[in-house]
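First the structure, in the form of structure tokens, and then the observations on it.
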Amino acid sequence: MIKNYLNSFAFLEQQIIALPEEDLNMVIVIPSRIESSLIESLQSVLDSDLPEKPFEIIIVFNHPLCESIDNKEENERLFKECSLWIDQRAIKNIHLIKAFDLPNKHAGVGLARKIGMDEALRRFGSNEKGIIVALDADCKVNKNYLRAIEKAFTLSPDCNAASIYFEHSTLDLKEPLLSGIINYELHLRYYNQLLKYSGHPYAYHTVGSSMAVRASAYYKQGGMNKRKAGEDFYFLQKVIQLGNFIEIKDAIVYPSARISDRVPFGTGRAMGEWVGENKVEFDSYHPDAAEDLKYLFKLIKKGSMPLYSEIPESVGMFFGERVWEEKMKELKENTSTKEAFILRFFQWFNLFMCFKYVHFYRDNFKANIPVYEAASTLLKKLKIELNGKESNFDLLDKFRKREAS
């Protein structure tokens, strides 16, 4: 139950005193750490068409204890600026949480999301059908954002969570940042489609600024983690395995392409390396990695428990004979049906395992290649016509259209 989860796992006590509307249906949670474009993001959400049922926005202003004095003062200034902006417009459904001087060990985007998402859970009371939406302070959204999310969860009452369609904003970008974000998003979409091509049932984007989760699924999976980076990947990976996961394609999030060094990977880090190292080529995984996975997954979906000698060489080397045979034995002993075996197998060979595998394949079989070459090869495998004169953005556009349809 929600109350039991909050009593056991919430990081902070109740933060918002104002009572929620009785039929509150959706809460958007935005972590904010020295975010100068926050108000633009809020305005973008408020400008979208209103949903049928009430919604709220919770903003978690946060920074660690070790933050510099200048940054702390700037975060305080932005908090006051946002509070004044809300008061001047008499907005009743935006709430601010001040989570300053968080413990250095845990402070980061994961903890900030957790604080906000846990508070959203409190706002729902006993409503386990409530929708918690994650968004970032540097994002904008399309006109249909709120309604599309509400409609998707209404039409899929058993849905546990969703990935929301996104496109990095390229508006007003100049080189080299423009080419950098095009290459980076092409890499993200290529990798997602590579996993779909392989036949993995959990091939979804796991982007923190474009995801939503049902209140019941949120607490049943232990809530958001406190990771300083990759919190979205690890959280969604757990939720996806509950089943009833959907993709919302008519709501669109537009993340920014800004440079950031707060986390060791992700958009900000990738853009920093692209610009700082004057890169002209962005590498991605070799498409042949998916062929071995595709062969393996076909065997698994037949309900067979392949011997070590029957699996592709790269998969065999990745696990080793002992680990593979022991896992197959364990699955055989603990599943009585084909469906149960397949489910348990992919809960084990999950998105994190796929990520580790493609890195192993890169290091031991075929090295990464330019993302243009990798993406072109995969598009041809997907029977998408190319004329050989496409730019990187042309390829990205083809992937965008495929994933948005």
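Every number in this text was worked out from the coordinates using simple rules, so none of it is lab data. Here the structure is a predicted model, which is why all the values come from computation and not from measurement. Every residue, glycine among them, receives a Cβ derived from its backbone with ideal geometry; neighbour counts consider all protein chains shown.
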(request) Classify the stretch 150-214 as rounded, prolate or oblate, taking a ≥ b ≥ c as the square roots of the eigenvalues of its Cα gyration tensor: rounded when a/c is under 1.5, otherwise prolate if a/b is larger than b/c and oblate if not. (result) oblate
(request) Report the Stokes-Einstein translational diffusion coefficient (µm² s⁻¹, integer) for the stretch 1-149, Rh taken as the Kirkwood radius over Cα pairs, at 25 °C with viscosity 0.890 mPa s. (result) 155
(request) Using Cα centres only, tell me the gap between the stretch 122-191 and the stretch 1-41 in whole Å. (result) 18
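Semi-axes of the equivalent ellipsoid for the stretch 288-364, please: Cα gyration tensor eigenvalues, times 5, square-rooted, ordered largest first, whole Å.
For the stretch 288-364, the ellipsoid semi-axes come out as 21, 13, 11 Å.
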(message) Students often check this: by mean Cβ neighbours within 10 Å, which of 130-143, 284-297, 45-58 ranks highest, and how do the rest follow?
(response) 130-143, 284-297, 45-58
(request) Go ahead and estimate [θ] at 222 nm for the chain from helices alone: -39,500 (n - 2.57) per DSSP H run with n ≥ 4, summed, over the residue count, rounded to 500. (result) -15000 deg cm²/dmol
(message) Compute, for the stretch 319-385, the length of the dipole vector about the Cα centre, with Cβ point charges of +1 (Lys, Arg) and -1 (Asp, Glu) only. Units Debye, rounded to 20.
(response) 140
(request) Would you list, by chain and number, the aspartates and glutamates whose Cα falls below 12 Å from the Cα of Lys92, excluding same-chain residues fewer than 8 positions away? (result) Glu21, Glu56
(request) Could you pull out which residues in the stretch 181-199 have an amide N less than 16 Å from a spot 7 Å beyond the Cα of Ala404, following the Cα-Cβ vector? (result) 182, 185-186, 189-190
(request) Could you tell me which of Tyr308, Phe360, Phe341 has its Cα farthest along the dipole of the stretch 288-364 towards the positive end, charges placed at Cβ (Lys, Arg +1; Asp, Glu -1), taken about the Cα centre? (result) Phe341
(request) Please give, to one decimal in nm, the separation of the simple spin-label points placed at Val280 and Leu307, each 7 Å out from Cα toward the Cβ. (result) 5.3
(message) Which residues among the stretch 66-84 fall inside the zone where the amide N is under 18 Å from a point 7 Å beyond the Cα of Lys228, along Cα→Cβ?
(response) 66-69, 71-72
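Within the chain, what percent of beta bridges assigned by DSSP are antiparallel, to the nearest 5?
30
In the neighborhood of Phe124, defined by Cβ-to-Cβ distances under 13 Å, what is the net charge if each Lys or Arg adds +1 and each Asp or Glu adds -1? Write down the numbers at each step before the final one.
Numbers: positive: Lys3, Lys53, Arg122, Arg123, Lys129, Arg214; negative: Glu21, Glu22, Asp23, Glu56, Asp118, Glu119, Glu128.
Net local charge, Phe124 excluded: -1.
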(message) With the cut-off at 19 Å, tell me which of the pairs Lys298/Lys381; Lys301/Lys327; Lys298/Lys366 have Cα atoms farther apart than that.
(response) Lys298/Lys366
(message) Taking 4 °C and 1.567 mPa s as the conditions, I'd like the Stokes-Einstein D for the stretch 89-193 in µm²/s, using the Kirkwood hydrodynamic radius from alpha carbon pairs.
(response) 75
(request) Read through the labelled values (i) 152; (ii) 117; (iii) 161 and report the label of the one computed as volume of the Cα convex hull per residue in Å³ from the structure. (result) (iii)
(message) Using a 7 Å offset from the Cα along the Cα-to-Cβ direction at both Glu81 and Phe365, what is the distance between the two label points in nm, to one decimal?
(response) 5.0
(request) Can you tell me the 0 to 90 degree angle between the C-alpha axis of helix 351-364 and the longest principal axis of the chain, rounded to 10? (result) 50
(request) Using Cα centres only, tell me the gap between the stretch 299-375 and the stretch 62-97 in whole Å. (result) 47
(request) Please go through the stretch 218-253 and write out the chymotrypsin sites (Phe, Trp or Tyr not before Pro) that DSSP classes as loop and that have at most 15 other C-beta atoms within 10 Å. (result) none
(message) Rounding to the nearest 10 and keeping the result within 0 to 90°, find how far the Cα-based axis of helix 177-198 lies from the longest principal axis of the chain.
(response) 50
(message) Calculate the FRET efficiency for His106 and Thr170 from the Cβ-Cβ distance with a Förster distance of 25 Å, rounded to the nearest 0.05.
(response) 0.15
(message) Take Lys356 and Arg258, extend 7 Å from each Cα along the Cα→Cβ direction, and tell me the distance between the two endpoints in nm.
(response) 3.5
(request) Sum up the charges of everything whose Cβ sits under 10 Å from the Cβ of Tyr197, counting Lys and Arg as +1 and Asp and Glu as -1, but leave Tyr197 out. (result) +2
(request) With only Lys, Arg, Asp and Glu charged, each at its Cβ (+1 for the first two, -1 for the last two), find how big the charge dipole of the chain is about the Cα centre; round to the nearest 20 debye. (result) 1040
(message) If I take R0 = 25 Å and measure r between the Cβ atoms of Gln43 and Asp250 in this structure, what FRET efficiency does the formula 1/(1 + (r/R0)^6) give, to the nearest 0.05?
(response) 0.75
(request) With +1 on each Lys and Arg Cβ and -1 on each Asp and Glu Cβ, and nothing else charged, work out how big the dipole of the stretch 191-316 is about its Cα centre, in Debye to the nearest 20. (result) 720
